[in-house]
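*Asks:* Sharing a structure below in structure tokens format, with a few things to ask.
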Amino acid sequence: MPELPEVEGVVRELAPAVEGKVIKNVEFSSTVYESCAEGKQCIVKNIEPSYFEEAMQEMLIKKVKRRSKYIYFDVEKNHQSFIFVNHLGMTGAWFVVQSLDEIHEAKFRKHVHAIFTLNSGELLVFSDIRRFGEMRLLSTLEEHLPLLEMAPEPFESSACNFFLAKCELPKYQNKPVKEVIMDGQVISGCGNIYATEALFKMGIHPARKVSRISKERKIKLFETIRDILHESIENGGSTISDYRNINGEAGGMQHRLKMYGKKQCPTCGSITKSLTIGGRTSVYCPQCQH
Ligand SMILES: [Zn+2]
């Protein structure tokens, strides 16, 4: 699943490719239409796909930016502003191409679910193999409350104190630290990969309760998460399964991971163990993490 660094990578490539361009037409796959007719709302979440297609015509893409793991497209039509919000889900990917043949990997070509034709003649294509991606067209962020409840960006100066304050709340105090740091209302954008890496680097067992970690260590843990997210952005994100940037390229951070997906600890050589925490598999070293 793309985490903050992977989404940042997508936005950094998408922004210069589409900003200033106008959406002339939007076309969804038959899967999107059929699921909507069955009441399942695949990918297009808050409005009917046909209404979305119509609403997006002649929309100017003013800015593309990231907030946590979401992509925000600031768009405008007839002097009215909207926010087109996208979440990549498990396997969502954007491509900017002249024709669908330019999407080299068959699995992405096969799972195209939205094609935005731009005034430049290019196609802005959303492909999603597992179809957990989401699209919403909003007038304001207040229309989708989870967007307002997200923790500050981890690179903002307020983010560490926000994290410390959340840890003091009764609802988090007795939870495993890994579950807490992966909660987007506590820290923005830290998913399974980077939570696993940060806890290993800090020598903290993923199931340790938040209340059993000192304030000083919590601050160091926060800084470690922030630094790993930054390192991953610099390395183009991690390509674990189906993440691609808009040119269909894979990131390089997966080669720098020390614990996520590892069978053996790179520090002490112990066989790693895994636990399910918060519904996610958590790999750790039983010798190095307490
Ligand atoms: Zn170890």
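The values are calculated or read from the model by the stated rules, or taken from the named source; none is laboratory data. Predicted model only: the values in this text are computed from it and were never measured. Virtual Cβ from ideal backbone geometry, glycine too; neighbours counted across all protein chains shown. Just so you know, the surface numbers come from the protein's heavy atoms only, side chains and all, with ligands and any DNA or RNA stripped out. Shrake-Rupley method; radii C 1.70, N 1.55, O 1.52, S 1.80 Å.
*Asks:* Tell me, what is the percent relative contact order of region 1-97, built from C-alpha pairs under 8 Å that lie six or more residues apart?
*Replies:* Relative contact order, region 1-97: 33 percent.
*Asks:* Quick one: go through region 51-70 and flag any residue whose amide nitrogen is under 13 Å from the point 7 Å out along the Cα-to-Cβ line of L148.
*Replies:* Counting only backbone N, you get no residues.
*Asks:* Could you give the accessible area per residue of the chain, probe 1.4 Å, as a whole number in Å²?
*Replies:* 46 Å²
*Asks:* Continuing with this model, one more query. Between beta-carbons, use under 10 Å as the cut-off and find the net charge around S238, counting Lys and Arg +1, Asp and Glu -1.
*Replies:* My count for the surroundings of S238 gives -2.
*Asks:* Okay, next question. FRET efficiency for K77 and Q185, Cβ-Cβ distance as r, R0 = 51 Å, nearest 0.05?
*Replies:* 0.95
*Asks:* Still on this structure, I have one more. Leaving ligands, DNA and RNA out of it, rank K262, K273 by accessible area with a 1.4 Å probe, largest first.
*Replies:* K273, K262
*Asks:* When only Cα pairs under 8 Å and 6 or more residues apart are kept, what is the percent relative contact order across the chain?
*Replies:* 19 percent
*Asks:* Here's another thing I want to ask about it. Over region 111-156, what lengths in whole Å, largest first, do the semi-axes of the equivalent ellipsoid take, defined as the square roots of 5 times the eigenvalues of the alpha-carbon gyration tensor?
*Replies:* Three semi-axes, in Å: 27, 15, 13.
*Asks:* Please give every one of the lysines within straight-line cross-link reach of K273, meaning a C-alpha to C-alpha distance under 21 Å, and leave out same-chain neighbours fewer than 8 residues apart.
*Replies:* Qualifying lysines at Cα under 21 Å: K175, K178, K201, K209, K258, K262, K263.
*Asks:* Go ahead and run the numbers for FRET between N119 and K273, Cβ-Cβ distance against an R0 of 51 Å, rounding to 0.05.
*Replies:* Calculated transfer efficiency: 0.40.
*Asks:* Here is a follow-up. Tell me the label-point distance for the pair A207, Q287, using the 7 Å Cα-to-Cβ offset, in nm and rounded to one decimal.
*Replies:* Going by the 7 Å Cα→Cβ label model, 2.0 nm.
*Asks:* For the peptides 65-72, 116-123, what is the packing order when you average, over each peptide's residues, the other Cβ atoms within 10 Å and list the highest mean first?
*Replies:* In decreasing order of mean packing, 65-72, 116-123 become 65-72, 116-123.
*Asks:* Which residues' amide hydrogens lie under 5 Å from the amide hydrogen of K24, considering only partners 5 or more residues apart or on another chain, with H built in the peptide plane?
*Replies:* Residues meeting the criterion, in which the H sits 1.01 Å from N, are E58, T117, L118, N119.
*Asks:* Of C160, C268, which has the most accessible area with a 1.4 Å probe, and how do the rest follow in descending order?
*Replies:* Largest to smallest exposure gives the sequence C268, C160.
*Asks:* Still on this model: Run the helix sum for the chain: -39,500 (n - 2.57) per DSSP H stretch of 4+ residues, divided by residue count, reported at 222 nm to the nearest 500 deg cm²/dmol.
*Replies:* -8500 deg cm²/dmol
*Asks:* Sticking with this one: Using Cα atoms only, what is the angle between the long axis of helix 4-18 and the major principal axis of the chain, expressed in degrees (0 to 90) to the nearest 10?
*Replies:* That works out to roughly 20 degrees.
*Asks:* Residues of region 199-215 with the amide nitrogen closer than 13 Å to a label point 7 Å from the Cα of K258, along Cα-to-Cβ, please.
*Replies:* 199-204
*Asks:* For S214 and S157, calculate 0.36 nm times their separation in residues minus their Cα-Cα distance, and state this gained length in nm to one decimal.
*Replies:* Between S214 and S157, full extension yields an extra 18.5 nm.
*Asks:* Sticking with this structure for a sec: Give the calculated FRET efficiency between A165 and L138 to the nearest 0.05, with a Förster radius of 25 Å applied to their Cβ-Cβ distance.
*Replies:* Computed FRET efficiency for A165 and L138 comes out at 0.35.
*Asks:* Roll a 1.4 angstrom probe over the protein heavy atoms and tell me the percent of accessible area of the chain that is carbon or sulfur.
*Replies:* That fraction is 47 percent.
*Asks:* Out of every Cα pair in the chain, what percent are spaced more than 35 Å from each other?
*Replies:* 23 percent
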